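A short write-up of the structure that comes next.
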Amino acid sequence: MKPMAPKDLIGKRVSILDKGWIELQDLMGDDLAIVNAARVSFLGESKGEARDKKLLFYLMQHRHTSPFEQVEFKFRVRAPVVTWWQWVRHRTWSFNAQSGRYVPFEEDDFYIPSSWRYQSPSNKQASLGELPAAESALWSEALSKHVQESYRLYERALGAGIAREQARLFLPGFAVYYTWVAKVDAHNLMHFLRLRMADDAQYEIRVYAQAIYEHFFKPALPWTAEAFELFVLGQPPASAE
Ligand SMILES: Cc1cc2nc3c(=O)[nH]c(=O)nc-3n(C[C@H](O)[C@H](O)[C@H](O)COP(=O)(O)OP(=O)(O)OC[C@H]3O[C@@H](n4cnc5c(N)ncnc54)[C@H](O)[C@@H]3O)c2cc1C
């Protein structure tokens, strides 16, 4: 029988961007849980590694998706708001987020990219290529100064007794770092990963999706990851299921 998903993944934290990170808070299930859920249809259970893996591949290939919902991941994420608002479009996740109404922002709570990308000439939503390093450094410095000035006004507003919920209007909204907890099952996580690891996803969410896949999904569900790469990644979206 295949070993359980490694529990030492729980608590593991991976650094992303300049000050962001993602950590696995909890994990329920493994590849075998998916296989066993499928076999419940005929009240069966594990039939040995080779047949279990074959069944899991069959499920992935034929979009028999519900057994993959038996596995759940819970993450704690720190990322800029530009990442957050794209992430929360995925309605199949459950979220709880930090509130700027309760907790004041810190001076260092801002994303300052070290490299800057050109607007893509052909795709209105995308970027293409990077500015030369020296030019990027100037833009990073400009954003840093902008953030410092904004933060100074934020602090002044708080000092004048203005409520946190309103004082935050002085902060550069897309750059501010937020922390949230997010739970999702493996089926819907694969949907997220397919969309957000793709080349047309914004870099600031792609790096989180890639970290989830490499550091948590693959080690927790090695057979599922193999089947996902074989039957889903690089393929056009499946029709309505
Ligand atoms: C590259 C890229 C560019 C994007 N650009 C834009 C943009 O310009 N503007 C914009 O508004 N959004 C944009 N989005 C967000 C996109 O439209 C989706 O909202 C987001 O990717 C979540 O996808 P989803 O709805 O499939 O996922 P989820 O919300 O996780 O849903 C998963 C699946 O569940 C089903 N489902 C969930 N809720 C419902 C429902 N209420 N009714 C029917 N089926 C449901 C659907 O099959 C859905 O695919 C972009 C996304 C990407 C990846």
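Please state the shape class of region 4-92: rounded when a/c is under 1.5, otherwise prolate if a/b exceeds b/c and oblate if not, all from the C-alpha gyration tensor. Taking the square roots of the gyration eigenvalues as a ≥ b ≥ c, region 4-92 is prolate. For GluC sites (Glu not before Pro), the sites in region 32-113 that DSSP calls loop and that have at most 12 other Cβ atoms within 10 Å are E45, E106, E107.
Calculated FRET efficiency, D200 to W85, Cβ-Cβ distance, R0 = 25 Å: about 0.90 to the nearest 0.05. Out of every Cα pair in the chain, what percent are spaced more than 30 Å from each other? Counting pairs separated by more than 30 Å, the tail of P(r) holds 38 percent. The helix-based estimate of mean residue ellipticity at 222 nm for the chain, built from -39,500 (n - 2.57) per DSSP H run of four or more residues and divided by its residue count, is -11500 deg cm²/dmol to the nearest 500. In this structure, K218 and S144 have a Cβ-Cβ separation that, at R0 = 35 Å, corresponds to a calculated FRET efficiency of about 0.45. List the lysines whose alpha-carbon lies under 18 Å from that of K145, not counting same-chain residues fewer than 8 positions away? Those lysines meeting the cut-off are K19.
Determine the relative contact order of the chain: mean sequence separation of Cα pairs under 8 Å and six or more apart, normalised by residue count, in whole percent.
29
The relative contact order of region 117-170, computed from alpha carbon pairs under 8 Å that lie at least 6 residues apart in sequence, is 21 percent. Direction-averaged projected area, Cα convex hull, region 117-170: 5.0 nm², rounded to one decimal.
Amide H to amide H, with H built 1.01 Å from N, I16 comes under 5 Å of W21, I22, counting only residues 5 or more places away or on other chains. For K124, the aspartates and glutamates whose Cα comes closer than 13 Å to its Cα, not counting residues fewer than 8 places off in the same chain, are D200.
Considering every alpha-carbon pair of region 84-205, the percent of pairs per 10 Å bin, from zero through the bin containing the longest distance, is 11, 31, 32, 23, 3.
Each reported figure results from applying straightforward, stated rules to the coordinates on display, with no laboratory input. Note that the structure is a prediction, hence the values are computed from the model and not measured. We place every Cβ from the backbone using ideal geometry, glycine too, and count neighbours over all the protein chains shown.
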